[in-house]
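Structure first, then comments.
The values are calculated or read from the model by the stated rules, or taken from the named source; none is laboratory data. Nothing here was measured: the structure is a model prediction, and the numbers come from that model. We place every Cβ from the backbone using ideal geometry, glycine too, and count neighbours over all the protein chains shown. When the accessible area is computed, the model is the full protein with side chains, heavy atoms only, and any ligands, DNA or RNA have been set aside. Shrake-Rupley method; radii C 1.70, N 1.55, O 1.52, S 1.80 Å.
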Amino acid sequence: MGEVYRASDTRLDRPVAIKVLPQHLSSDPDLKQRFDREARAISSLNHPRICTLHDVGHQDGVDFLVMEYLEGETLAQRLKKGGLPLKETLKIGIEICEALDKAHRAGIIHRDLKPGNIMLTRNGAKVMDFGLAKVAAAGLGSAASRTPLLSAAQTMSEASPLSPLTTAGAVIGTIQYMAPEQIEGKESGARSDLFALGAVLYEMVTGKRPFEGKSQISVASAILEKEPEPISVLQPLTPPAFEHVVSACLAKTRTNAFRRHTM
């Protein structure tokens, strides 16, 4: 959803990351106004496990975000080398949960949690692009007002060795980590982030995604209709308690496991 550059904040003498936004955001006044309002609300989130959004700007017809600059590698890059040891998985998982808890308590939902949005730094994991996935639509009834600006519904996930995706008949979206209610176009909330968390934890400990397919449509079908292969089959030494937590996160309905309650 745009190009990201490393830049220098000359006022505060610090490196920052600038994300230049796509044209469709600035060409629609309503979308731009809603985006600015939501982005400024998210910038108030201050937590060591969340990448800080410093500012939103517009210059010469270009909209951009100014974000905290992070050094390290994304969890997606790390997972290309295979699954992680359980101890490391637990550490990163706890740090992701801390970020989710902070944002959910503030009423902000990510809706596009995935390894590519989790940066591993020397000081621990940080969740990026937090909250930009959902724009509040209070008092707005049109279909456009209910469309998240930087959501999974508008980002195309890249093919990878873990789950090659075909382009023919592909559905736009980061399908592999989307909760069933998101795929079905239903209202989503903190529970959707917990489903994505379960998918990320599963991938970290097993080295493979819980739901796979040859196309994005087949992946979506697997999420809606199939159960992932038990972690204990892939990693027999995994503690039952950890597998229970992951299975609960990946529950397809509210009535399963601990019901994917909001935090």
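Hey, could you check the stretch 189-221 for residues that are open to solvent by less than 10 Å² (accessible area, probe 1.4 Å) and among the acidic types (Asp, Glu) and say which is nearest to the chain's Cα centre (by Cα)?
If we take residues in the stretch 189-221 being open to solvent by less than 10 Å² (accessible area, probe 1.4 Å) and among the acidic types (Asp, Glu), then Asp193 is nearest to the chain's Cα centre (by Cα).
So the check is Cβ under 7 Å with 6+ separation or different chains; which pairs have a first residue in the stretch 96-110 that's of a type in the set (D, E, K, R) and a second one that's in a loop (DSSP other than H, G, I, E, B) and surrounded by 15 or more Cβ atoms within 10 Å (Cβ to Cβ)?
Every condition considered, the pairs that remain are Glu98/Arg49; Lys102/Leu45; Lys102/His47.
Which of the residues belonging to the stretch 201-220 are at pLDDT 95 or above and part of a helix (DSSP H, G or I)?
Scanning the stretch 201-220 gives Leu201, Tyr202, Glu203, Met204, Val205, Thr206.
Within the stretch 222-255, restricting attention to residues that are among the acidic types (Asp, Glu) and assigned to a helix (DSSP H, G or I), which residue is surrounded by the fewest Cβ atoms within 10 Å (Cβ to Cβ)?
Glu225
Counting only residues that are open to solvent by less than 10 Å² (accessible area, probe 1.4 Å) and modelled with pLDDT under 85, which one in the stretch 166-187 is nearest to Pro228 (Cα to Cα)?
Thr174
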